[in-house]
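Input: a single structure, listed below in structure tokens.
Please treat every number below as a calculation from the coordinates, not as lab data. All of these numbers come straight from a predicted model, not from anything done at the bench. Glycine also receives a Cβ, built like all others from the backbone with ideal geometry; neighbour counts cover every protein chain displayed.
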Amino acid sequence: MRDIGSNIPKMYWLRFFTSFWLIVPVLIPFYQANGLSASQVFIVQSIFNLAMVLFDVPTGYISDIIGRRRTIIIASFAMPAGLAIYAFSHSFLAFAAAEIVLAFSWGLRSGTDSALVYETLLEEERKDEFRKFEGRAAFFERFGDATAAILGSAIAIISLRMPFYINVFTGMALIPIAFMLLEPKRDKVVKHDHLKEILKAVKYAVSHPQVGPLMLYFSIIFAVSITCVWSYYFYYKSIGLSVGWFGIIHAGFGILSGLGSMQAHRIEAKIGRKTTLYLMLIIGMNLILLGLIKSVFMIAAVLVNGFLLGLAWPLLNDYINKLVNSDIRATVLSTASMGRGLFFGLFAPAFGFVTDKFSLSCAFLSIGYVYIGALMFTLWLLNRNKAI
């Protein structure tokens with residue numbers, strides 16, 4: 001008799017190594033050492049997210065067709081391949097190529113891992129534990145991210161390129177874990193017109209009175225937050241911090257993000273869904289403060305934003321999983337991720353452009369005001385459609 005429940009601890013480790021990015025705290029100095037401007041930095045990251053837009057829905061559909069386990073196995077081979085390209089590259093175009101391969105890996109896994117866990121819990125009649133799993137899994141992600149950030153910064157003292165070499169081998173740890181996963185039972189539908197089925201799932205997600213606004217809401221949060229994850233490094237440099245501190249602060253950001261994810265179900269149960277969603281406006285307020293004040297004490301605002309970002313992720317997965325059927329679940333979740341990529345493709349280059357042409361402070365002020373305005377609009381939609 002197979003132990004389908006063994007998927008759960010395996011997924012915790014998969015999330016850990018998927019987020020074990022030694023390169024993240026040194027990526028901005030690495031780009032600059034290779035001659036990239038602020039605009040080019042954000043364009044490279046936009047290429048990743050725009051590639052995700054192209055890959056996300058098709059890869060989610062692949063997951064619905066060939067199975068969760070096989071899809072995650074393919075993703076586990078692609079990630080170290082993308083890191084290897086980075087490790088031996090020196091130019092804008094080569095970095096862009098590395099990001100495309102990493103986006104393919106991420107797109108395959110995005111939505112598929114959550115779908116696999118949700119269906120595992122369904123098979124065991126434990127679906128009510130999904131939000132708790134997402135919170136714990138997010139903590140493993142943030143713990144992996146935090147550990148890697150500290151180690152990456154320390155290794156970068158020797159060489160900015162060394163974290164890239166080592167990260168190739170840590171990425172390979174995903175491969176045996178993926179092979180040990182078990183495919184959960186789920187509703188399977190024989191699909192012949194694949195493009196038609198993809199468009200049908202996307203149309204369902206976008207036009208659904210609750211799923212559509214929820215995807216828009218979380219797309220704005222994640223797109224702006226991820227843009228600012230990179231922009232924070234420019235802020236640290238502007239206040240005179242060394243690269244060694246980058247990893248320590250990023251580790252704190254990751255740990256608080258993980259705590260936010262772990263506490264998401266408790267916070268929502270205590271203050272309610274509507275109040276929890278309104279809390280996300282604080283992210284925009286903190287971005288405005290970063291634009292107005294240049295001080296080491298403003299790192300507290302960065303850390304608060306990390307906690308709120310972590311809080312948002314399990315809520316998105318839980319809300320959408322409860323609204324869609326298993327035969328299109330990964331496709332719908334990938335559509336949500338696609339929205340995030342589209343918005344990042346708008347916000348990130350704009351942030352880089354404003355930074356280069358005007359100032360970093362102006363960029364933070366601009367994105368903070370835009371974020372608050374856009375989020376207020378989506379909250380109005382959610383209220384009107386009785387999604388909150």
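Overall shape of segment 232-388 was characterised from the C-alpha gyration tensor. The equivalent ellipsoid obtained from it has semi-axes of 29, 18, 16 Å, in decreasing order.
Here the Debye sum runs over all C-alpha atoms of segment 66-128 as equal scatterers in vacuum, and log10 of I(q)/I(0) at q = 0.23 Å⁻¹ comes out as -0.85. Per-residue Cβ neighbour counts within 10 Å put C228, C362 in the sequence C362, C228, beginning with the fewest. Of all lysines in the structure, the ones whose alpha carbon falls short of 25 Å from that of K185, not counting any fewer than 8 places away in one chain, are K10, K127, K132, K196, K200, K322. For segment 1-141, the spread of Cα positions along the three principal axes, ordered from largest to smallest, is 55, 29, 23 Å. Residues in segment 298-315 carry Karplus couplings, in order, of 6, 4, 4, 5, 4, 5, 4, 4, x, 4, 5, 4, x, 5, 6, 4, x, 5 Hz; the curve used is 6.51 cos²θ - 1.76 cosθ + 1.60 with θ = phi - 60°, and Gly or Pro positions show x.
Sum up the charges of everything whose Cβ sits under 15 Å from the Cβ of G310, counting Lys and Arg as +1 and Asp and Glu as -1, but leave G310 out. With Lys, Arg at +1 and Asp, Glu at -1, the net is +1.
Take each peptide in 259-267, 102-110, 232-240, count the other Cβ atoms within 10 Å of every residue, and average; sorted highest first, the result is 102-110, 259-267, 232-240. Translational diffusion of segment 255-294 was estimated from the Stokes-Einstein equation, with Rh taken as the Kirkwood radius over Cα pairs; at 20 °C and 1.002 mPa s the coefficient is 187 µm²/s. Here segment 248-339 is treated as a sphere whose radius is the Kirkwood value from Cα pairs; by Stokes-Einstein at 4 °C and 1.567 mPa s it diffuses with a coefficient of 89 µm²/s. Rounded to 0.05, the FRET efficiency of the F358 and H90 pair, given R0 = 25 Å and the Cβ-Cβ distance, is 0.25. For the chain, the mean residue ellipticity at 222 nm estimated from helices alone is -26500 deg cm²/dmol, where every DSSP H run of n ≥ 4 contributes -39500 (n - 2.57) and the total is divided by all residues, rounded to the nearest 500. With a Cα-only, solvent-free Debye model of the chain, what are the log10 I(q)/I(0) values at q = 0.14, 0.15 Å⁻¹? The Cα Debye sum returns log10 ratios of -1.27, -1.48.
Each residue of segment 27-38 was assigned a 3J(HN,Hα) from its phi angle through the Karplus expression (A = 6.51, B = -1.76, C = 1.60, θ = phi - 60°), giving 5, 5, x, 5, 4, 5, 5, 9, x, 8, 7, 4 Hz with x at Gly and Pro.
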